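**Q** Here's a structure for you.
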Amino acid sequence: MTLFTPRAIAIPAEGAAMLADAVKRIAQPSRRAFLQRSLTLGGLSLLTGCSTSDQDSIEQALAGISRLNDRVQGLLFDPARLAPTYPASMITRPFPFNAFYGEEQIREVDGEAWRLELSGMVAERKPWTLARLRALPQQDQITRHICVEGWSAIGKWGGVSFGHFLRHVGADLSAKYVGFHCADDYFTSIDMATALHPQTLMALTYDDQPLPPRYGFPMKLRMPTKLGYKNPKHIQAISVTNTYPGGYWENQGYNWFGGS
């Protein structure tokens, strides 16, 4: 039997300079997801092949790594595998606020006037009121929220199974993407397999109380299989589509799949 002997990987001086520059860019807020997930051996190969005369080639290489990671994560994702759940004694109190803006800028949404708009590959596009959503079968979960910034927290969320909702409105379940637009101007999108995951929840409550504004009133999407930035708050519109919708952070360099 032949044994594999580890050896150092030699990086040319020009490639090393490109790698150092790339690491600086990855350290920027919009590149932190890459720092943890993208700088693989294959990524090093791409980066060290960049041209020193074209700084944009680093960005192109990083984007290529991200797209590759998205494809790999999609292939590895098991729609039947559940994220861990926890006892109520482990709930993080207070549960942290997180958004792309400060807590003093939390959007106040009028629950009586709020309507959830549907578009795209959906049979029933009638807007949904909060009362109508609350009338659907409800479930809850105590799961861990994992932030790309490096922290995590456990919370209790209650609401409607998103898979149940999509089937209820006649969404085309063969579509590639589900996109979300929010009252705080945030937007993101997910794959259909994640949308149908049994733990993907249209959250209407937190800790058995109506969802507070700081956590996304009147409705947020809670996905314990995704990183925090994939969990949109204050959702106003949902679209089922085969056209790539992108996302607020994803368009700035975060991985699109965003699995936790």
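**Q** Kindly list the number of the only condition in (1) surrounded by 16 or more Cβ atoms within 10 Å (Cβ to Cβ); (2) over 21 Å from residue 80 (Cα atoms) that fails for residue 135.
**A** (1)
**Q** Taking the conditions exactly as written (modelled with pLDDT of 95 or more, crowded, with 18+ Cβ neighbours inside 10 Å, in contact with a Gly (Cβ under 9 Å, 6 or more places away or on another chain) and not in a strand (DSSP E or B)), does residue 143 satisfy them or not?
**A** No; evaluated as a whole, the condition is false for this residue.
**Q** Within the range 217-259, which residues are surrounded by fewer than 22 Cβ atoms within 10 Å (Cβ to Cβ) and among the aliphatic types (A, V, I, L, M)?
**A** Once the filter is applied, which keeps residues that are surrounded by fewer than 22 Cβ atoms within 10 Å (Cβ to Cβ) and among the aliphatic types (A, V, I, L, M), the range 217-259 yields only 237.
**Q** Next question, about the same structure. Could you tell me how many of the residues in the range 97-138 are over 23 Å from residue 177 (Cβ atoms) and touching a Gly at 6+ places or on another chain (Cβ under 7 Å)?
**A** 3
**Q** Out of the range 200-257, which residues are assigned to a helix (DSSP H, G or I) and touching a helix residue (DSSP H, G or I) at 6+ places or on another chain (Cβ under 7 Å)?
**A** 214, 252
**Q** Within the range 82-111, how many residues turn out to be free of Cβ contacts under 8 Å to residues at least 12 places away in the same chain and assigned to a loop (DSSP other than H, G, I, E, B)?
**A** The total comes to 4.
**Q** Any residue in the range 130-159 that is on the phi > 0 side of the Ramachandran plot sitting within a Cβ distance under 7 Å of a residue that is assigned to a loop (DSSP other than H, G, I, E, B)? List the pairs, counting only those 6 or more apart or interchain.
**A** 159/138
**Q** Moving on. I'd like the full set of residues that are among the β-branched types (Val, Ile, Thr) and under 24 Å from residue 189 (Cβ atoms), limited to the range 87-128.
**A** 106, 109, 122
**Q** How many residues does the range 167-184 contain that are free of Cβ contacts under 8 Å to residues at least 24 places away in the same chain and assigned to a loop (DSSP other than H, G, I, E, B)?
**A** Residues that pass the stated criteria total 2.
**Q** Assess whether residue 160 counts as being modelled with pLDDT of 95 or more, under 19 Å from residue 79 (Cα atoms), over 15 Å from the mean Cα position of the chain (by Cα) and part of a strand (DSSP E or B).
**A** Answer is yes for this residue.
The values are calculated or read from the model by the stated rules, or taken from the named source; none is laboratory data. These numbers come from a predicted model, not from an experiment. A quick note on method: Cβ atoms are made from the backbone with ideal geometry, for glycine too, and the neighbour counts reach across all protein chains shown.
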